[in-house]
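The values are calculated or read from the model by the stated rules, or taken from the named source; none is laboratory data. Treat the numbers as computed from the prediction; the structure is a model and nothing was measured. Glycine gets a Cβ as well: all are built from the backbone with ideal geometry, and neighbour counts include every protein chain shown. In case anyone asks, the SASA skips ligands and DNA or RNA and just uses the protein heavy atoms, side chains included. Shrake-Rupley method; radii C 1.70, N 1.55, O 1.52, S 1.80 Å.
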Amino acid sequence: MDMFVLQMFNGLSISSILLLIALGLAVTFGLMNVINMAHGELIMIGAYATYVTQNLFISYAPAAWFEVYFIVALPIAFGVAALIGWLLEVILIRHLYGRPLDSLLATWGVGMMLQQLARTIFGAPNVGVSSPSWLNGGLAISDGIVFPYKRIFIIALVAVVLLCMYLYIYRTSSGRRMRAVMQNRSMAGCLGISTRRVDGMTFAIGSGIAGIAGCALTLIGPIGPSLGTYYIVDAFMVVVLGGVGKLVGTVCGALGIGMFNTLFETYTSASIGKVLVFVCIVAFLQWKPRGLVAMRTRSLD
Amino acid sequence: MKKRSVRLWGILLGAVIALTGCVEGGTPPETSNSGGTGEVAASDETIKVGILHSLSGTMAISEVSVKDAEMLAIEEINAAGGVLGKQIEPVIEDGASDWPTFAEKAGKLLQQDKVAAVFGGWTSASRKAMLPVFEQNKGLLFYPVQYEGLESSPNIFYTGATTNQQIVPSVTWLLENRGKTFYLLGSDYVFPKTANQVIKAQLAAEGGEVVGEEYTPLGHTDYSTIISKIKAAKPDVVYNTLNGDSNVAFFKQLKDAGITSEQMTTLSVSVAEEEIRGIGADVLKGHLASWNYYQTTDTPENKTFVEKYKEKYGADRVTADPIEAGYVAVYLWKAAVEKAGSTDVEKVREAAKGLEFDAPEGKVTVDGENQHIYKTVRIGEVQEDGQFKELWNSGSPVKPDPYLKTYEWGASLSNQ
């Protein structure tokens, strides 16, 4: 029983992490159709932004403030990653719209450059990010069941990010412009929307969310130059399984993969569990090539 | 005008990307077979040696500092007059955490650069990939990391521990001091799998029990399910053979799941001072490791070694077992070359037999039979400052026994 409850929670927790890393990709890949192989490196940038923030707090702020550094690091990670994403869009990706293979190769190259840059600046070994003490430990339900606070925090964070994204895309005028451009670029342009500016903005938001994911990942894993490469495949998997272009699809994709991964891993091993998940995804995409939630637009017909 | 400059930027960026691509790809090994014998090949002034480690990729976390230690040794030797009156000229190559790249670069170093010896490798996979290259080209490799044993090549000197100098004594110690039930957790490749074969054979012979065994891919970062399984199995000891970055995720999540070192011991064989820096000493406090050397090891040689290392690379840097083994390797090679009076591989091998050196870990001796070295075994506990406190040591250097011939239960293993 303990095992079952714990595994349900673990599944939910893995799903939330998958969702967080895939959300940014859902914007850049799902909405803009840009295969951004440097997405993992934007996650890494978010993680290093957190590390730098932590060090600034240790060096310059009163010791008592350290407890809140993580809250400050979240917007900083978002901002830094968004800025670099925006620069990437203006300098490189803008010239490659409609050429998915070219953008794949170019962003892959950028990803390698960013990794090497991080290695030059921060060194090859991992850096340590210590979490604030209020995130240490866990919620003990019973003797055998402990829900780590960090995982609860990440689940809550994902919920907040998701809500913000929903509000932005569906409830603000700039979000409406974004949807208009993604659905019919030339018509939106005719109606006076600066499609270039919207593209840059959208890409920056997707990158910023990757930054937040990086910030959250400092709580659970290693922070090194190759951080992003661990997660990039999972992120694409979630978006493709969920169905390109729909937020709901990304949520379903993350939940599905996270839960099944945990389930398979419980009864087999980590490697075989992952293989089984891949097999299921391949089989599912045979049956429904457009993923769980297919977008109904004319452009796809 | 604006548009043009943007396009220019694009082209420039493209060019840079293309260039980095070329560099990453590396130069193919020279095909002209000159049958390099390792004879002094460089100019009259210098002797070339190769340094071949992962400076990028998942293993860079560990291997970069070993490269640093080897460079330090070379610098010291050069400052003291070099080898045979010649300066050592290091040729550094990046194995990029990729086994075929290691083989390719090893070929390049031997055939193109004609180096007298190569210092390099970390994972067993990289060593296994390089081994045939060194045997075919009659080269000489100094391998600085503890490994799973069951191997000895005339073209390799092993300056890290083999199983009977690290794993076997630690299992015995754990059985005596911590309990009988073991959970084996490792990365999914040759070292952890072979190491666990050895551990299982030993536990079966010495009255221990394996209650679980898990392997995760290199770079794996979510250990929540495995921690649930460990909780359910309630072992006395988790024997950890995870390699690289995975250790960070595992220990952080273990702590958050509410498991402390008091409730359950973990003993790691790939977590040293360098890794503690990335994981956090507060997370690892109280957990154990088995090595031959710690930064805190109390010898006069170690004091100077740590001082010099910090002076060169920064006060926040730490030394660790493989770092020391890499440093010692360069000195052992120097001593052998001077004894032989030549850099010819055959002569150096012959001269190295029984060679002694006062290393930071204490006296080490080269075993003439299997080209491993005698090393003292030490079990350490992680302290708050990220350093180890020695709980136990073997007293004197242990004779290397890579095929575990001296153990009754080892007979079945060496036949594999």
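Only residues that are under 17 Å from the mean Cα position of the chain (by Cα), buried (at least 24 other Cβ atoms within 10 Å of the Cβ) and either more than 16 Å from residue B:326 (Cβ to Cβ) or among the hydroxyl-bearing types (Ser, Thr, Tyr) (or both) were counted across region B:91-105, and they come to 1. Looking at this structure, is residue A:294 of a type in the set (A, V, I, L, M, F, W, C), touching a residue at least 24 places away in the same chain (Cβ under 8 Å) and on the phi < 0 side of the Ramachandran plot? The answer is yes for residue A:294. Residues in region A:102-115 that are facing chain B (nearest Cβ under 7 Å) and open to solvent by 20 Å² or more (accessible area, probe 1.4 Å): 2 in all. With respect to the conditions (1) surrounded by 14 or more Cβ atoms within 10 Å (Cβ to Cβ); (2) outside any loop (DSSP other than H, G, I, E, B); (3) of a type outside the set (Phe, Trp, Tyr); (4) touching a strand residue (DSSP E or B) at 6+ places or on another chain (Cβ under 8 Å), residue B:410 lacks only one, and its number is (4). When restricted to residues that are farther than 12 Å from residue B:265 by Cβ and either of a type in the set (Asp, Glu) or surrounded by 18 or more Cβ atoms within 10 Å (Cβ to Cβ) (or both), region B:176-188 contains 6.
The condition of being more than 21 Å from residue B:159 (Cβ to Cβ), at pLDDT below 95 and open to solvent by 30 Å² or more (accessible area, probe 1.4 Å) holds for residue B:384.
Among the numbered conditions (1) open to solvent by 70 Å² or more (accessible area, probe 1.4 Å); (2) modelled with pLDDT of 90 or more, the only one that residue A:183 does not meet is (2). Look at (1) within 17 Å of the chain's Cα centre (by Cα); (2) assigned to a loop (DSSP other than H, G, I, E, B) and you find that residue B:374 fails only one, number (2). Of the candidates B:272, B:289, B:281, the single residue that is open to solvent by less than 10 Å² (accessible area, probe 1.4 Å), within 21 Å of residue B:63 (Cα to Cα) and within 14 Å of chain A (Cβ to nearest Cβ) is B:272.
The condition (being modelled with pLDDT under 90, part of a loop (DSSP other than H, G, I, E, B) and farther than 28 Å from residue B:118 by Cβ) is satisfied by just one residue among B:260, B:296: B:260.
Residue count for region B:102-144 under the criterion of being of a type outside the set (Asp, Glu) and assigned to a helix (DSSP H, G or I): the result is 21. The residue that is farthest from residue B:145 (Cα to Cα), counting only those in region B:75-90 that are open to solvent by less than 50 Å² (accessible area, probe 1.4 Å) and not in a strand (DSSP E or B), is B:81.
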